[in-house]
Structure formats: structure tokens, C-alpha cells
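Structure first, commentary second.
The values are calculated or read from the model by the stated rules, or taken from the named source; none is laboratory data. Given the structure is predicted, the values throughout are model-derived calculations rather than measurements. Cβ: placed from backbone, ideal geometry, glycine included. Neighbour counts: every protein chain shown. Calculation scope for accessible area: heavy atoms of the full protein, side chains included, ligands and nucleic acids excluded. Shrake-Rupley method; radii C 1.70, N 1.55, O 1.52, S 1.80 Å.
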Amino acid sequence: MTRPRIALLNAAHDGADTRRNFRRELDADLVEYHCPSGEVPQSFAFDGCLVTGSRASVYWDREWIDQVQSWVGEAIDAGLPFLGVCWGHQLLADVLGGTVEDMGEYEIGYRTVEHDDTAPLLAGVDDEFTVFTTHSDRVVEAPPGARVFAENDYGIHGFRKDHVFGVQFHPEYDTATAADVTKGKDDQLSADRIERVLDGITAENYTAACEAKRLFDNYTEYVRQVSRDGTANGPPSAADD
């Protein structure tokens, strides 16, 4: 397999930027489903699945969220390797029995996260790295049996359980998306805070955050390995090529 076939569960209400960012970053054939419109796959005929961010909360009472949760739970049981980003991270945690809660505040802007080098998803990424974040919910309890591999002072930023990986931050963002999302918080954040975040969206910070994009290559390598031999402890070594 050279290009895995991956289901893209696009949970963004206006999904254009999300679609563009993930199609740019992933060396895979993405089959997109716009979840807020009620779209979910009708089978598990994929090599993996990626669940995106959303302005929704996973605990909202919405039919489309229930549909996504149901399909994701069955797909996990079927053995699909998952990657969840932001809302996707929270949804995967929720489906697997973790706890997601309102933070009562916002983490937004370029921030530092630390990882413990136990997950293949962040192989090759410095133990302390820069990412763009924007969220007011968080995973406060990881799923039973999951390993938390990335955190900062706002809480859990990465967990793994079997073939399921979640990250709270947004490795897919470019500077245009980061700025648009920040400006869109004018009903939730003060003008001063929005301006401070916008001031931090610089070429230097973006370049630093690009290190975390390595996780997309690591994820697709993981998917290839699972598809090839049914086991996945990390990206194949050079000897496996």
C-alpha cells in the first residue's frame, strides 16, 4: 500500500478550511463525510479514520453527534486505526469511556506541549514542542486503559488506546486558519485577548509548530503497518522497508 484510504469525518460546520488543511497534510486518499450534515460512512472499508475539530461539544444533544459516536464506536471495535484532532480527540475519549468537560476558559494561540516519547504518533518530535490550540472543552479523564502521552498546563493533549490516538492541538492549521478561527471568537473572548493571539500568529511561531505536522506521516505509516500485518507498535523501521 502506498496511499492508505482514510475516512475523513469532517465535523466543522463550515468545512472548507478543515478539508483544505487535512488534504494538504495527509499523504492518503481521503473520503470525506460532513458530519453536521448527517453524513457518516456506511461501512468500515477503510485503512483508517480521522476525526476533525468542531465548534460543537461532544456532550451536546445533537442527532449528528450521536450518529458519529455510534459509527466510531463500531469502527474502533472493527480495528480501524483512528486519529482525532481537538473535537475528534474529545469524541474518541468520550466513546472509549473517558470524560470531557467544559474548561470554563479558553486555551487559544501558539502554546507549548510536552510528550513522553511513548507514542509512535510523535516519533521524531522534540519532547517539548509548539502547537496552535483553540478549545474550551478538554478531556479531564482519559479512557480506561489509555495512556496519556502529551500534556501541558491546560491538561491532556494526547492519549492512545490500542489503535486509537487523540491530540487536543491543531497540527493541521496554517496561519490563515489560525487567524480566521481567532477572529471568530469575538463573541467569547475580549478584543484585547484576540489581539494578543493574533499578534502571536507569526512566521516564526508557525515554523516552530510545523514540527508537530510530523504526526501525520507517523499516523499514515502506522496505518500502513496495521493494514500490512495487523500489528502496530510504531512506524516501520528502515529495515522493514
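Below, the figures for the structure above:
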quantity: Residue-normalised accessible area of the chain, given per residue in Å² at a 1.4 Å probe; calculated: 44 Å²
quantity: Pairwise label distance in nanometres, residue 203 with residue 2, each label 7 Å out on the Cα-Cβ vector; calculated: 3.5 nm
quantity: Furthest towards positive pole of dipole, 130, 145, 96, structure part segment 96-146, Cβ charges; calculated: 96
quantity: Amide H contacts of residue 103 (H built 1.01 Å from N, under 5 Å, at least 5 apart or other chain); calculated: 137, 138
quantity: Local net charge near residue 44, Cβ-Cβ under 12 Å (Lys/Arg +1, Asp/Glu -1); calculated: -2
quantity: Apportionment of accessible area to carbon and sulfur, the chain, percent (1.4 Å); calculated: 41 percent
quantity: Residue-count net charge about residue 68 - beta-carbon cut-off 13 Å; Lys, Arg +1, Asp, Glu -1; calculated: -4
quantity: Cβ crowding within 10 Å averaged over residues, with 188-196, 9-17 ranked highest first; calculated: 9-17, 188-196
quantity: Listed residues 218, 194, 182: farthest to the positive end of the dipole of segment 166-231 (Cβ charges); calculated: 218
quantity: Cut-off 9 Å between beta-carbons: net charge of the residues surrounding residue 213, Lys and Arg +1, Asp and Glu -1; calculated: -3
quantity: Contour minus Cα-Cα distance for residue 74 and residue 123 (0.36 nm per residue); calculated: 14.8 nm
quantity: Stretchable slack from residue 183 to residue 114, in nm (0.36 nm times residue separation minus alpha-carbon distance); calculated: 22.1 nm
quantity: Using alpha carbons only: equivalent-ellipsoid semi-axes of the chain, gyration tensor based, whole Å; calculated: 26, 21, 17
quantity: Shape category assigned to segment 1-131 from the gyration tensor of Cα positions, a/c cut at 1.5; calculated: rounded
quantity: Contour minus Cα-Cα distance for residue 136 and residue 23 (0.36 nm per residue); calculated: 38.1 nm
quantity: Sorted peptide list for 65-74, 201-210, criterion being average Cβ within 10 angstrom, highest first; calculated: 65-74, 201-210
quantity: Point-charge dipole on Cβ atoms (K/R +1, D/E -1) for the chain, about Cα centre, debye to 20; calculated: 540 debye
